[in-house]
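The values are calculated or read from the model by the stated rules, or taken from the named source; none is laboratory data. Just so you know, these numbers come straight off a predicted model, no measurement behind them. Using ideal geometry, Cβ is built from the backbone for each residue, glycine included, and neighbour counts are taken over all protein chains shown. Areas reflect the complete protein model, heavy atoms only, side chains present, ligands, DNA and RNA absent. Shrake-Rupley method; radii C 1.70, N 1.55, O 1.52, S 1.80 Å.
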Amino acid sequence: MNAETMPVAAGSEPTAVDYAVYHSQAIFTAEQENIFRGQTWCYLGLEAELANSGDFRSTHVGNTPVVVTRATDGTIHAWVNRCAHKGATVCRSLRGNQADGAFVCVYHQWAYDATGALVGVPFRRGLKGVGGYSKEFNMAEHSLERLRVETFGGLVFGTFNPTIAPLDDFLGPVMRKYIQRVFQRPVKVLGYARQFMAGNWKLYSENSRDSYHGGLLHLFYPTFGIYRQSQESAGLVSDEGYHTVFTVSKPKGDVDYGSFGDEANREMQGEAKLQDERLLAFRPEIADDVGLHIQSIFPSVVVQQIQNTLATRQIVPHGTDKTELVWTYFGYADDDDETTRHRLRNLNLVGPSGLISMEDGEAVELCQQGTIGAEGKRSFVEMGGDDVRPSYAPMGMDENSVRGFWKGYLGLMGNALADLAAEGRA
Amino acid sequence: MSVAAEVAQVAQSAIDDFNAAYGLCLDDDRLEQWPTLFVDDCLYQVIARENVDNGLPAAVMYCDSKGMLADRVVALRKANVFPEHFNRHLIGRAVITGAEGNQVSAEASYVVFQTRNDGETRIYNAGKYVDWFDLSGGTVRLKSRTCIYDTLRIATLLATPI
Ligand code: FES
Ligand SMILES: [Fe+2]
């Protein structure tokens, strides 16, 4: 779909989006159907979190609770965490291992295996011939709702859509190449942080694609005189517009970040100086000089490498103004203890307390608060142009990727926004 | 009573006094003073209980020198953007868990309430401190403080220290 044929829904277009999209319950509900349960693959977790058979992890697709598991034959499965009997939550833990493969609903003890198949129903034939289900009751018809699952490069994705093209096609060659860059060798999980923002999920999705705000909202680098003017950067956007990756490399010929910091200190007249520069130290470990790689995979995950921090950020929309961000930090499986400690120091930069990232949570909430009662008014997303281009220079101050997000979003929402507007519901 | 046990007994009130002063130091916004409550070669981290329980090391703050603590404070003062707020620490009586030379280990429960500009006071972060104190030279300093938080869902962001 190109910019000309893109549907303009309810007066929104990629350069100007009606603020109702952040507040309308009807739009939120339509997004669950059209986006999270629609023509997308949604991130479920890392294969490294499911290293052994029986391992499981609770996650979400949109606001739907989903469990991802590794069955005894090693295959990965995902199912909606909703008992086929009365809808109770089946798996009540965040993660763990069910060695016997049985997920038992506590309410009436219906039991499911790791694939989501119903394998046991207590008193199916009743008690002493009284009660029980009819002869026609077929366990195979009462399995948990399953998702299609595929993996790429160590990331696990699921979809509710039976017809969508394979994950590889959904990601496309450019996104695959960059995922492989970060997942160049086996990873191990270092831990989690969960951040809850009183804002709409799309505000965070925009934020992660917005290279304009980097040096303006996040003042850590300029404050410490380590603003990096001469860096090389690149931004790439997928065909549909909605995935994006941008990278920033060290300046050519400069192998030592520390000395670069000193030089930049003089240039930029940073007032403060870091007392412990180990926090920022960068040890290139991938065969390039990229120190920052932020990749937003529509609709719900960001893959990042910032210095030596590696993470996925999963966006979980719990409500129009409730968004959870689950940070999963990882290193490489062959990291020694000292390398892990180095990553832990670097992790001060990112996450809910990140010296260069904490502001994003505040920006999301400010936009949510500021747009209350502003339905019918629209944002202005024209930095760097009004189109969506497949590649651009993000340090050149450009909202190309943000427009790409809206192009993809509006395309998937189709007529939903216009229909809701016509009904007076959004 | 062993020497170590005697040290622990003397330490109890000193550590409780220290913790009370530590909380007020942060809540009164005397952030510049906060690093001086640690020895130079210190470790301060704020880590989710779900990580600790699963043997995972990633923390949201991980400072393994006093300089890194000071850098945090400068960043908070000059660079970082976060909601205007007051924090209020309530710290329970410490339980001494061990002693080694001039160092004593202890744990204490804490709750941090947060009040933002809307005026509502919310439970912002609950957890426990797992500490090593250095009692040499007649002063109490933190050798290490690990804030293990139960409140897995951090509201907006976590800027000022716990
Ligand atoms: S609701 Fe799950 S067994 Fe009844
Ligand atoms: Fe940001």
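Structural remarks
- Between the range A:364-426 and the range B:56-133, the C-alpha centres lie 38 angstrom from each other.
- Applying the criteria of a DSSP loop state and at most 13 other Cβ atoms within 10 Å to the trypsin sites (Lys or Arg not before Pro) of the range A:74-103 yields A:Lys86, A:Arg92.
- Contact order for the range B:19-162, expressed relative to its length and based on alpha carbon pairs under 8 Å spaced 6+ residues apart, stands at 26 percent.
- Lysines whose Cα lies under 29 Å from that of A:Lys128, excluding same-chain neighbours fewer than 8 positions away: A:Lys86
- Over chain A, relative contact order from alpha-carbon pairs under 8 Å, at least 6 apart, %: 23 percent
- Dipole magnitude for the range A:46-148: about 420 debye, using +1 per Lys or Arg Cβ and -1 per Asp or Glu Cβ, origin at the Cα centre.
- Lys, Arg +1 and Asp, Glu -1 on Cβ, resulting dipole of the protein assembly as shown about Cα centre, debye, nearest 20: 1520 debye
- Shape category assigned to the range B:1-147 from the gyration tensor of Cα positions, a/c cut at 1.5: prolate
- The local environment of B:Pro83, defined by Cβ-Cβ distances under 10 Å, has a net charge of -3 under the rule Lys, Arg +1 and Asp, Glu -1.
- Remark: chain B carries 43 Å² of accessible area per residue (probe radius 1.4 Å; ligands, DNA and RNA excluded).
- Straight Cα distances below 15 angstrom link B:Lys66 to the aspartates and glutamates A:Asp276, A:Glu277, B:Glu32, B:Asp40, B:Asp41, B:Asp134, with same-chain residues fewer than 8 positions distant left out.
- Hypothetical label at A:Ala51: residues of the range A:178-213 whose amide nitrogen lies under 19 Å (7 Å Cα-Cβ projection): A:183-193
- Heavy-atom accessible surface that A and B bury in contact, both chains counted, 1.4 Å, Å² to 100: 3300 Å²
- Using a cut-off of 20 Å between Cα atoms, the listed pairs A:Lys202/A:Lys407; B:Lys78/B:Lys128; A:Lys202/A:Lys322 include B:Lys78/B:Lys128 as exceeding that distance.
- The mean accessible area for residues of chain A, using a 1.4 Å probe and ignoring ligands and nucleic acids, is 40 Å² per residue.
- All-pairs alpha carbon distance profile, the protein assembly as shown, 20 Å steps from 0, percent: 19, 50, 27, 4, 0
- With every protein chain in place, the range A:70-114: carbon and sulfur % of accessible area (1.4 Å): 46 percent
- Anchor A:Lys250: aspartates and glutamates whose Cα lies under 14 Å away (excluding residues fewer than 8 positions away in-chain): A:Glu232, A:Glu263, A:Glu285, A:Asp288, A:Asp289
- Rg and Dmax [Cα atoms of the range A:46-148; Å; Rg one decimal, Dmax integer]: 14.2, 48
- Sites listed here are chymotrypsin sites (Phe, Trp or Tyr not before Pro) in the range A:31-119 whose DSSP assignment is loop and whose Cβ has at most 13 other Cβ atoms within 10 Å: A:Tyr107.
- Remark: the range B:1-147 carries a charge dipole of roughly 220 debye about the Cα centre, counting +1 on each Lys and Arg Cβ and -1 on each Asp and Glu Cβ.
- When the Cα positions of A:Leu155, A:Leu44, A:His85 are compared along the charge dipole of chain A, A:His85 comes out farthest toward the positive end, with charges on each C-beta of Lys, Arg, Asp and Glu.
- Carbon + sulfur, % of accessible area of the range A:380-420 - ligands and nucleic acids excluded, 1.4 Å: 53 percent
- For chain A, calculated [θ]222 nm from helices alone, where every DSSP H run of n ≥ 4 adds -39500 (n - 2.57): -6500 deg cm²/dmol
- Shown for the range B:1-147: the carbon plus sulfur share of the solvent-accessible area, taken with all protein chains present and a 1.4 angstrom probe, equals 53%.
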